[in-house]
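Note sheet for the following structure.
Nothing in this text is a laboratory measurement; each read-out follows from the coordinates by a stated rule. Worth saying up front: this structure is predicted, and the values here are computed from it rather than measured.
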C-alpha cells in the first residue's frame with residue numbers, strides 16, 4: 001500500500017481494499033488500519049509512533065502520523081477527506097495545527113508515501129522506511145498469498161517437520 005508504484009495512479013482503485021464480506025454492514029465499509037510502534041531516535045532514545053489510515057475502494061479517507069517525543073503527542077501529518085469525496089485531489093497537512101503546510105495528494109495516494117520520493121523529512125521518511133519493511137500476510141487474501149504459494153507448497157512437499165506442524169492441531 002505504501003509503495004510508490006503505478007497501482008496508486010490517479011483514478012485506480014485501492015487494491016488493498018478487502019472488506020469483510022460476510023456481513024451486510026461491512027461489505028462496503030471503509031477499512032481502518034492502526035499501528036503503534038517504538039523506535040530509537042538519533043540519540044538512542046525510545047520514541048513511540050502511531051500511524052492510522054482509513055480507506056475505501058477509491059479514496060483514502062483519513063491518515064495521520066503522530067509521535068511522542070518525551071511521551072507528549074505531536075502530530076507529524078494529517079489528512080482528512082474534503083467535502084467533495086469524489087475529487088481527484090485531496091489535501092494533507094504537515095505539522096501541528098498552528099503551522100500546517102498544505103500538500104496536494106491524489107485521492108488514492110497515501111500521504112506517507114510522499115515522504116519516500118517527493119517530500120524529504122528526517123523523521124517521517126524514516127517512518128516510511130521502517131513501515132515499508134514490515135511484511136503483513138493476510139491468509140484470506142489471494143492477492144497477498146500469491147508470492148508465497150510456490151515457496152510454501154515446495155516446503156510442504158520437502159519438509160516433513162513443517163508439514164506436520166501445519167497439519168497437527
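Relative to the dominant Cα principal axis of the chain, helix 122-132 is inclined by about 20°. Using a Gaussian network model of the chain with C-alpha springs under 10 Å, which one of 66, 80, 122 is most mobile by mean-square fluctuation? Of 66, 80, 122, the most mobile in the Gaussian network model is 122.
Given the alpha-carbon gyration tensor of region 22-62, what are the semi-axes of its equivalent ellipsoid in whole angstrom, ordered largest first, with each equal to the square root of 5 times an eigenvalue?
On the way: eigenvalues 222, 22, 5 Å².
They are 33, 11, 5 Å, listed largest first.
The relative contact order of the chain comes to 15 percent, based on Cα pairs under 8 Å that sit 6 or more residues apart. Spherically averaged projected area of the convex hull of Cα atoms, region 6-136: 9.3 nm².
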